[in-house]
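Take a look at the structure below.
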Amino acid sequence: MKRVAGGGRDMTVIGLAVLGITFTLFSGCALFEDERTAKGRKLYNHYCSHCHGETGQQGEGFNWERMSDPRPKNLASTAEMSTFSDEEIFHTVYRDMKDTTDQKVIDDENYFAVPTMPTFKYTLSEEEIWSIVGYVRTLHGMSLSYDLETRKKELEEALQVAQQEMEATKAAYEAAAEKAEAAQAAYEETLTDEQLESYEPKEVTIPEEEVFLAANEKYETAKAAVDNFLKRPKKPQVARPDLSIAEEDRATQAKLGKQLYNDKYGCQGCHSLNDEGGVVGPALDRAGFRLNPTWVYRWILYPQAMKKHTRMPNLGISEPDAKALTYYLGTLQAPKPDNQSATSE
C-alpha cells in the first residue's frame, strides 16, 4: 500500500513537472513574440512615429501636419490597413526610391510612389523591417501572418545549394585550367629555341570558367540575401568627392538636384524651405552658407557613417544623384532672419 501511495505522489510530482515544462515552453514562445514586437516598437518609435504617430493615428506625429498630400495613412484603422497584406506593407518600407514624375512609375500598381515616405532598405536588416511590420499590425488589432522562420530557412537552403554548386564548378574549372596549362607546356616543349623566340601563346578559352563565374555570382547573391536578412547593410567607404564643375554645368546639376529633392527622395517630408516642409531635420534655407559641400555629399550618401543613430535613413542614393543634390543645396542661400543673431549660424 505504501508503495502504491508513494507511486501516486511520484506521479503527482511528475505531472507538476510536465506542466511546468509546458508552461515554460509556451511562455518562451510568447516571450519570443514579445521580444520581436518590442524590437519593432523601438524601431518604429525612432524612425516612424514622428510622421505616423506613436499609436498610428493621423495627426498624432509632430511632423504629420507639416507633410504634403498624400499624408501618412491611419495605421490604427483596421478597415483600411486590413486591405494590405504583410508583404505589401513590407515592400512599402523596403523599396528603391524612384522618380515619381516618371509615367512608368506612376502606372506601376505595385510601387508605392510617394517620395516623402522613405525607404529603409539600405538602413535596416530585412528582419528588422519585418519586426516593424509586425508592430504596425498591432496598431490596428492584427498580427503578422508572414512566416519569417520559413523565409529564413529558404534563404539558408538556397545559400547552401548555391555554395555547393559554386564549389563544384570551381573545382571543375581549376582542373580544366590545370589541364590546359599542362597541354600548353607540353606543346612548348616541342618547339625549337628559334621557334620559341617568335612564339606568342594564344589565349585559351576554358568553358568551365564561364560556368564557374555564373555559379559564383549566384552564390554571392544568395549570401547577400542571407546577410541582408540578418544584418544591417555594411557601411560603404565614401571617398572624398570631386565637386569642381563649370558654372553652366553646376546650374544644370542644381536644377536636377531640386527635382530629385522633391520628386524622388522626398526631402521636403523632413526638411523645410521657406517654412514649408517637415521639421524632423533642420531647415535648409541657408544650407548654402551653413554646410560644407563635401560633408553634405557624404551625409547624403550614408548618414549613419556621420551620425550612427540619426533618424535620416540611407535612401540608396547614387553618387551622381548625391552630387546633384549637393549642388542644389549649395544654391539655398536665404538671407538671415531679422530676429536671428549674428552668432547663431
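The values are calculated or read from the model by the stated rules, or taken from the named source; none is laboratory data. Everything numeric here is computed off the predicted structure, so don't read it as measured data. Cβ atoms come from the backbone with ideal geometry, glycine included; neighbour counts cover every protein chain shown. Ligands, DNA and RNA are stripped out before the accessible areas are found, and what is left, the full protein with its side chains, is counted by its heavy atoms. Shrake-Rupley method; radii C 1.70, N 1.55, O 1.52, S 1.80 Å.
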Quiz item: In segment 259-292, what residues are open to solvent by 20 Å² or more (accessible area, probe 1.4 Å), in contact with a helix residue (DSSP H, G or I) (Cβ under 8 Å, 6 or more places away or on another chain) and assigned to a loop (DSSP other than H, G, I, E, B)?
Solution: 279, 280, 291
Practice problem: Can you give me the number of residues within segment 238-251 that are surrounded by 14 or more Cβ atoms within 10 Å (Cβ to Cβ) and without any contact (Cβ under 8 Å) to a residue 12 or more places away in the chain? | Solution: 0
Quiz item: Looking at (1) assigned to a loop (DSSP other than H, G, I, E, B); (2) open to solvent by 60 Å² or more (accessible area, probe 1.4 Å); (3) modelled with pLDDT of 95 or more, which is the only condition residue 295 fails?
Solution: (1)
Self-check item: Where a residue in segment 172-194 is under 15 Å from residue 210 (Cα atoms) and its partner, wherever it lies, is in a helix (DSSP H, G or I) and open to solvent by less than 60 Å² (accessible area, probe 1.4 Å), with Cβ under 6 Å and at least six apart
Solution: 173/212
Quiz item: residue 227: part of a helix (DSSP H, G or I), under 30 Å from residue 284 (Cβ atoms) and of a type in the set (Asp, Glu), yes or no?
Solution: no
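Can you tell me how many residues in segment 188-198 are surrounded by 12 or more Cβ atoms within 10 Å (Cβ to Cβ) and assigned to a loop (DSSP other than H, G, I, E, B)?
Residues of segment 188-198 that are surrounded by 12 or more Cβ atoms within 10 Å (Cβ to Cβ), as a first pass: 188, 191.
With the extra rule that they be assigned to a loop (DSSP other than H, G, I, E, B), the set shrinks to 191.
Going through segment 188-198 one residue at a time, the tally reaches 1.
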Quiz item: For the subset of segment 12-56 comprising residues that are of a type in the set (Val, Ile, Thr) and at pLDDT below 50, which member is least open to solvent (accessible area, probe 1.4 Å)?
Solution: 22
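If I go through segment 199-215 residue by residue, how many of them are open to solvent by 100 Å² or more (accessible area, probe 1.4 Å) and either modelled with pLDDT of 95 or more or in contact with a helix residue (DSSP H, G or I) (Cβ under 6 Å, 6 or more places away or on another chain) (or both)?
Within segment 199-215, the first condition is being open to solvent by 100 Å² or more (accessible area, probe 1.4 Å), and the residues that meet it are 200, 202-203, 205, 210.
Now drop any that are not either modelled with pLDDT of 95 or more or in contact with a helix residue (DSSP H, G or I) (Cβ under 6 Å, 6 or more places away or on another chain) (or both), which leaves 210.
Residues that pass the stated criteria total 1.
Can you go through 218, 170, 223, 235 and tell me which one is of a type outside the set (Gly, Ala, Ser), modelled with pLDDT under 95 and open to solvent by 60 Å² or more (accessible area, probe 1.4 Å)?
235
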Quiz item: open to solvent by 20 Å² or more (accessible area, probe 1.4 Å) and either among the hydroxyl-bearing types (Ser, Thr, Tyr) or under 11 Å from the mean Cα position of the chain (by Cα) (or both): does that describe residue 125?
Solution: no
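Hey, could you check segment 238-257 for residues that are of a type in the set (Asp, Glu) and part of a helix (DSSP H, G or I) and say which is modelled with the highest pLDDT?
Taking segment 238-257 and keeping what is of a type in the set (Asp, Glu), we get 242, 247-249.
From the residues that got through so far, the ones that are part of a helix (DSSP H, G or I) too are 247-249.
On the way: 247: 94, 248: 94, 249: 97.
Here the residue is 249.
Does segment 190-198 contain any residue that is hydrophobic (A, V, I, L, M, F, W, C) and over 46 Å from the mean Cα position of the chain (by Cα)?
Initial filter on segment 190-198 (hydrophobic (A, V, I, L, M, F, W, C)): 191, 196.
From the residues that got through so far, the ones that are over 46 Å from the mean Cα position of the chain (by Cα) too are 191, 196.
Within segment 190-198, one or more residues are hydrophobic (A, V, I, L, M, F, W, C) and over 46 Å from the mean Cα position of the chain (by Cα).
Here's the yes/no breakdown for (1) farther than 30 Å from residue 299 by Cα; (2) of a type outside the set (Lys, Arg); (3) at pLDDT below 95:
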{"position": "109", "(1), (2), (3)": "yes, yes, yes"}
{"position": "130", "(1), (2), (3)": "no, yes, no"}
{"position": "135", "(1), (2), (3)": "no, yes, no"}
{"position": "150", "(1), (2), (3)": "yes, yes, no"}
{"position": "160", "(1), (2), (3)": "yes, yes, no"}
Practice problem: Please state which of the following conditions residue 133 fails to meet, knowing it meets all the rest: (1) touching a residue at least 40 places away in the same chain (Cβ under 8 Å); (2) of a type in the set (Val, Ile, Thr); (3) under 16 Å from residue 229 (Cα atoms); (4) open to solvent by 50 Å² or more (accessible area, probe 1.4 Å). | Solution: (4)
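Looking at residue 142, is it of a type in the set (A, V, I, L, M) and open to solvent by 60 Å² or more (accessible area, probe 1.4 Å)?
Values: of a type in the set (A, V, I, L, M): yes; open to solvent by 60 Å² or more (accessible area, probe 1.4 Å): yes.
Yes; evaluated as a whole, the condition is true for this residue.
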Self-check item: Options 180, 176, 185; residue that is crowded, with 16+ Cβ neighbours inside 10 Å and of a type outside the set (Asp, Glu)
Solution: 176
Exercise. Quick one: count up the residues across segment 298-336 that are β-branched (Val, Ile, Thr), open to solvent by 70 Å² or more (accessible area, probe 1.4 Å) and assigned to a helix (DSSP H, G or I).
Key: 0
Quiz prompt | Scope segment 57-68; condition in contact with a Ser or Thr (Cβ under 8 Å, 6 or more places away or on another chain), crowded, with 16+ Cβ neighbours inside 10 Å and in contact (Cβ under 8 Å) with a residue 24 or more places away in the chain; matching residues | solution = 66, 67
Practice problem: Grab the helices (runs of 4 or more DSSP H) fully contained in segment 32-119, keeping just those with 3 or more residues being more than 19 Å from residue 311 (Cβ to Cβ) and out of contact with any Cys (no Cβ under 7 Å at 6 or more places or on another chain). | Solution: 78-81, 86-93, 103-107
